[in-house]
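Data first, discussion second: the structure below is written as structure tokens.
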Ligand SMILES: [Zn+2]
């Protein structure tokens with residue numbers, strides 16, 4: 001009887017290894033079989049190790065198992081594997097984001113994971129071997145076998161340069177061994193952010209601005225999860241941006257390379273002088289320069305504060321004179337109210353940042369009937385690949401809504417001396433190579449975002465040299481690196497920090 005339970009326990013461990021690590025089923029058959037052996041041996045070793053710890057095992061097996069079931073679900077559903085970014089998301093996600101993913105299927109899967117874990121804990125109690133020498137022998141034997149199998153496969157695969165198979169058995173990919181590494185990276189990132197909290201104030205560097213009466217309203221719109229190639233004005237065959245297409249003062253810089261593929265990371269690149277190559281900012285945000293020169297500054301957001309590892313982002317934004325996180329249930333259009341109020345009541349130059357909720361997953365939750373242009377758009381989280389057309393339709397509807405939102409902002413600013421710049425924080429994967437969402441693996445489309453600049457007629461009249469510079473920059477290859485410098489340039493600000501090569505208002509000649 002005991003032997004039977006022991007046998008079933010071993011079987012459950014092998015099953016767990018094979019189940020939790022879905023990435024191995026995308027390998028060629030020989031690679032899959034080899035990696036399957038490796039993950040099963042590792043899982044057996046871990047199972048035996050946990051079973052040696054009385055009491056703790058009763059909690060640990062269900063915990064590991066629920067996490068493993070969830071990891072398998074997210075990989076199968078979105079092509080997302082555990083990384084420090086997904087861990088950060090898990091720790092910092094807000095209620096709205098969690099709700100987008102919390103489906104009955106996921107709840108059922110988590111429940112099944114917990115039950116499976118309890119069964120493992122129960123089975124593991126059946127071979128509480130009294131003979132300590134035997135126990136020690138089993139432990140050493142399993143450990144040696146594990147090291148032999150894992151190291152052997154690892155060295156062999158590295159030698160034969162079979163990259164995918166090799167990566168699939170890296171400890172940073174195999175669940176649950178991937179958890180400590182992701183946690184370490186997450187804490188490391190949070191520490192790095194912490195260290196940067198006291199960035200030098202860029203306003204202390206000599207800078208100058210236009211006379212009071214010539215200072216414009218600069219609006220910087222931070223988009224969310226918008227992929228450049230889904231905009232009609234970027235050549236997408238669907239009319240997702242019909243209203244933008246009619247704007248004569250709109251400058252489309254095409255595809256812009258993003259600083260990162262998560263909000264948290266990209267915002268650092270968008271708000272500071274950090275560049276894609278030199279990733280650590282040297283100074284605080286351009287908001288401080290605007291403050292120092294006497295412009296009124298504001299930040300209005302449809303998102304939540306970013307959380308622990310995004311503390312730097314929150315700090316960069318907090319220096320704005322008016323900071324509002326608007327959670328009144330409405331969508332991005334509610335950002336127009338404080339914008340309109342500021343544009344109509346404040347005299348002189350202003351910098352207004354609008355942070356959208358944009359095209360974040362789940363796409364269909366970001367628009368109502370007014371913007372349901374592409375149908376059918378009903379999909380289930382669990383079958384994104386099968387509902388691929390519907391997912392694309394829903395995503396395109398969010399772009400269609402963005403089109404109206406941006407024109408809505410322009411409408412509030414048309415009779416003012418005003419300019420706006422729009423860039424998304426990162427793109428989103430929409431099923432290419434089976435990958436959805438962003439931030440969990442390096443996919444080209446997650447780094448390709450739109451960059452648009454629009455100016456009012458009055459702005460063109462008052463700042464012809466800036467508009468000429470912008471027009472001559474069209475066609476340049478652009479990235480988030482340009483934002484810091486261009487946003488200062490748009491406000492007519494000169495600073496020694498400003499890199500003319502990155503300032504799109506300076507034109508192509510530089
Ligand atoms: Zn984002």
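If I filter the range 372-382 for residues that are more than 16 Å from the ligand (Cβ to nearest atom), within 28 Å of residue 248 (Cβ to Cβ) and crowded, with 23+ Cβ neighbours inside 10 Å, do I get at least one hit?
Restricting attention to the range 372-382, the residues satisfying the condition of being more than 16 Å from the ligand (Cβ to nearest atom) are 372-382.
Narrowing the set further to residues that are within 28 Å of residue 248 (Cβ to Cβ) leaves 373-374.
Restricting the remaining residues to those that are crowded, with 23+ Cβ neighbours inside 10 Å gives none.
So far as the range 372-382 goes, no, none of its residues is more than 16 Å from the ligand (Cβ to nearest atom), within 28 Å of residue 248 (Cβ to Cβ) and crowded, with 23+ Cβ neighbours inside 10 Å.
Give the residue that is farthest from residue 452 (Cα to Cα), with candidates limited to residues of the range 407-428 that are within 16 Å of the ligand (Cβ to nearest atom) and in a loop (DSSP other than H, G, I, E, B).
Looking at residues that are within 16 Å of the ligand (Cβ to nearest atom) and in a loop (DSSP other than H, G, I, E, B), I get 428.
Residues are listed down the side, and each one gets a yes or a no for (1) at pLDDT 80 or above; (2) touching a strand residue (DSSP E or B) at 6+ places or on another chain (Cβ under 7 Å); (3) in a loop (DSSP other than H, G, I, E, B):
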| residue | (1), (2), (3) |
| --- | --- |
| 148 | no, no, no |
| 153 | no, no, no |
| 158 | no, no, no |
| 164 | no, no, no |
| 167 | no, no, no |
| 172 | yes, no, yes |
| 180 | yes, no, no |
| 184 | yes, no, no |
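Report whether or not residue 182 is in the same structural domain as residue 22 (by TED's automatic domain parsing) and within 26 Å of residue 281 (Cα to Cα). Quick ask: steps written out before the conclusion?
Details: in the same structural domain as residue 22 (by TED's automatic domain parsing): yes; within 26 Å of residue 281 (Cα to Cα): yes.
Here the answer is yes, as residue 182 does meet what is asked.
Considering each of 402, 406 in turn, give the residue that is modelled with pLDDT of 95 or more, touching a helix residue (DSSP H, G or I) at 6+ places or on another chain (Cβ under 7 Å) and assigned by TED's automatic domain parsing to the domain that holds residue 263.
The match here is 406.
Collect the residues in the range 24-33 that are in a helix (DSSP H, G or I) and surrounded by fewer than 21 Cβ atoms within 10 Å (Cβ to Cβ), keeping them in residue-number order.
Passing the criteria: 25, 26, 29, 30, 31, 32, 33.
So, residue 313, is that one in contact (Cβ under 8 Å) with a residue 12 or more places away in the chain and away from the ligand (no atom under 15 Å from the Cβ) or not?
On the way: in contact (Cβ under 8 Å) with a residue 12 or more places away in the chain: yes; away from the ligand (no atom under 15 Å from the Cβ): no.
So residue 313 fails the test.
Listed here are the residues, each with its yes/no results for (1) within 17 Å of residue 243 (Cβ to Cβ); (2) in the same structural domain as residue 73 (by TED's automatic domain parsing); (3) modelled with pLDDT of 95 or more; (4) touching a helix residue (DSSP H, G or I) at 6+ places or on another chain (Cβ under 7 Å).
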site: 362; (1), (2), (3), (4): no, no, no, yes
site: 382; (1), (2), (3), (4): no, no, no, yes
site: 386; (1), (2), (3), (4): no, no, no, no
site: 411; (1), (2), (3), (4): yes, no, yes, no
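Consider only pairs whose beta carbons are under 8 Å apart and that are at least six residues apart or on different chains; among these, list those whose first residue lies in the range 326-340 and is on the phi < 0 side of the Ramachandran plot and outside the structural domain of residue 350 (by TED's automatic domain parsing) and whose second residue is modelled with pLDDT under 95 and part of a loop (DSSP other than H, G, I, E, B).
From residues that are on the phi < 0 side of the Ramachandran plot and outside the structural domain of residue 350 (by TED's automatic domain parsing), there are no pairs.
From the list 392, 399, 442, 466, which one is more than 23 Å from residue 303 (Cβ to Cβ) and within 16 Å of the ligand (Cβ to nearest atom)?
Just one listed residue meets the conditions, 442.
Of all residues being within 16 Å of the ligand (Cβ to nearest atom) and in a loop (DSSP other than H, G, I, E, B) in the range 221-251, which is farthest from residue 425 (Cα to Cα)? Just the residue, please. Spell out the reasoning first.
So the first thing to find is which residues in the range 221-251 are within 16 Å of the ligand (Cβ to nearest atom), and the list is 221-228, 230.
If we keep only those that are in a loop (DSSP other than H, G, I, E, B) too, we end up with 224-227.
Values: 224: 6, 225: 6, 226: 8, 227: 10 Å.
That would be 227.
Only one residue in 365, 373 is assigned to a helix (DSSP H, G or I) and either closer than 25 Å to residue 104 by Cβ or over 19 Å from the mean Cα position of the chain (by Cα) (or both), so which one is that?
Checking each option against the conditions leaves just 365.
Can you say whether residue 79 is in the same structural domain as residue 140 (by TED's automatic domain parsing) and farther than 12 Å from residue 176 by Cα, as far as the supplied structure shows?
So residue 79 passes the test.
Specify the residue that is nearest to the chain's Cα centre (by Cα); the eligible residues are those in the range 184-216 that are loosely packed, with under 14 Cβ neighbours inside 10 Å and within 25 Å of residue 417 (Cα to Cα).
Filtering first and then ranking leaves 208.
The values are calculated or read from the model by the stated rules, or taken from the named source; none is laboratory data. All of these numbers come straight from a predicted model, not from anything done at the bench. All Cβ positions, glycine included, derive from the backbone under ideal geometry; neighbour counts span all protein chains shown.
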